[in-house]
Amino acid sequence: MEKMIEVKNLSTSYHGQEALHNINFSFETGKLIGIIGPNGAGKSTLMKSMLGLIRKDEGEVSFAGMNLKEARKQIAYVPQRAAIDWDFPIIVLDAVLLGVYPNLGVFRRPKKTDREWAYECLKKVGMEDFSRKQIGELSGGQQQRVFLARALAQKADFFFLDEPLVGIDVTSEELIMNLLKNLRDEGKSIFVVHHDLTKVEDYFDNLILLNKKLIKSGAVKSVLQPELMREAYEAQFSLLDSMGVFS
Ligand code: ADP
Ligand code: MG
């Protein structure tokens, strides 16, 4: 039997205002899936709802037959960069070790083998030379690579990354996308909130096109249809149109 990741009848509101309305989709595991849609479409909300980070009004999520509680340890999440406190005083290696020990420093000292594993993960993202640096000293791309290393350190099966490519350099972008493709080839399932539409065909196997409701999910080509894109990005289209961009 094929293992699937499924979302059924998912709705989420903020203060009584619905941000996501009755979302349904399912994907085979082992795919690289882009979540696209205009600003405020509910992309981050979808991720947080799937991961139980905010309360949904309704809906079921299953990860290869497991519910969230059962899958929790196999899930790695990298929030939007803007949502992270980069002034938090922590060195790079310890930030990666947080993938191994969520409560590092409070309850236990990491073992040598775990430090070595964290260092290995830093190597995978090309950041081993920065292991003693403060996280706040790094560039945007470097920070994102460190957070990906932390996700790798967790040995997760399901990865959720919210706009990992925003505000980073081309080298980091290539490195991150290659890593994600390798993870996918190892059978991991990866969801990526993404807002640049130019490279989605190169980057993803499947897409979720959102604008508060699900416009379409499926293979990249089946989603990248002009009428569907127009439906999702309607507000922007008319705004740009009213600004004379198309005339
Ligand atoms: P996206 O990630 O696609 O840009 P979000 O999921 O962040 O969109 O937001 C979806 C909608 O929910 C937006 O209208 C946004 O203003 C609203 N929203 C997001 N987070 C909150 C919050 N914490 N409180 C109230 N409204 C929110
Ligand atoms: Mg967002």
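Within the range 185-204, restricting attention to residues that are open to solvent by 50 Å² or more (accessible area, probe 1.4 Å) and not hydroxyl-bearing (Ser, Thr, Tyr), which residue is nearest to ligand 1 (Cβ to nearest atom)?
The extreme case among them is HIS195.
Mind checking which pairs have a first residue in the range 62-75 that is in contact (Cβ under 8 Å) with a residue 12 or more places away in the chain and under 14 Å from SER189 (Cα atoms) and a second that is open to solvent by 50 Å² or more (accessible area, probe 1.4 Å) and of a type in the set (S, T, N, Q), Cβ under 7 Å, 6 or more apart or different chains?
The qualifying pairs do not exist here.
Give me the residue from the range 36-52 that is at pLDDT 95 or above and farther than 14 Å from LEU209 by Cβ and, out of that set, farthest from ligand 1 (Cβ to nearest atom).
Within the range 36-52, the match that is farthest from ligand 1 (Cβ to nearest atom) is GLY52.
Quick check on GLY40: is it surrounded by 22 or more Cβ atoms within 10 Å (Cβ to Cβ) and within 16 Å of ligand 2 (Cβ to nearest atom)?
Judged against the criteria, GLY40 is not a match.
Which ones in the range 166-184 are out of contact with any strand residue (DSSP E or B) (no Cβ under 8 Å at 6 or more places or on another chain) and open to solvent by 10 Å² or more (accessible area, probe 1.4 Å)?
VAL166, GLY167, ILE168, ASP169, VAL170, THR171, GLU173, GLU174, LEU175, ASN178, LEU179, ASN182
Using beta carbons and a limit of 6 Å, which pairs, at least six apart or on different chains, have the first residue in the range 220-236 and under 20 Å from PHE191 (Cα atoms) and the second one open to solvent by less than 80 Å² (accessible area, probe 1.4 Å) and polar (S, T, N, Q)?
Listed by first residue and then by second, the contacts come to ALA232/ASN211.
Need a quick list: helices (runs of 4 or more DSSP H) entirely within the range 2-98 having at least 2 residues that are in contact with a Lys or Arg (Cβ under 7 Å, 6 or more places away or on another chain).
The helices (runs of 4 or more DSSP H) meeting that bar are 92-97.
Those residues that are farther than 16 Å from ILE90 by Cβ, over 19 Å from the mean Cα position of the chain (by Cα) and in a helix (DSSP H, G or I), I need them from the range 115-139; list them, please.
GLU116, TRP117, GLU120, LYS123, GLU128, ASP129
Select, from LEU46, LEU53, LEU98, the only residue that is open to solvent by 70 Å² or more (accessible area, probe 1.4 Å) and of a type outside the set (D, E, K, R).
LEU53
Identify, please: which residue in the range 14-35 is open to solvent by less than 70 Å² (accessible area, probe 1.4 Å) and over 14 Å from LYS213 (Cβ atoms) and is, among those, nearest to ligand 1 (Cβ to nearest atom)?
The qualifying residue nearest to ligand 1 (Cβ to nearest atom) is GLY34.
Just checking, how many residues over the range 44-61 are away from ligand 2 (no atom under 16 Å from the Cβ) and more than 18 Å from ILE190 (Cα to Cα)?
6
Suppose we filter the range 148-164 for residues that are modelled with pLDDT of 95 or more and surrounded by fewer than 20 Cβ atoms within 10 Å (Cβ to Cβ); how many remain?
0
The values are calculated or read from the model by the stated rules, or taken from the named source; none is laboratory data. These figures come from a predicted structure and were not determined experimentally. Glycine gets a Cβ as well: all are built from the backbone with ideal geometry, and neighbour counts include every protein chain shown. Just so you know, the surface numbers come from the protein's heavy atoms only, side chains and all, with ligands and any DNA or RNA stripped out. Shrake-Rupley method; radii C 1.70, N 1.55, O 1.52, S 1.80 Å.
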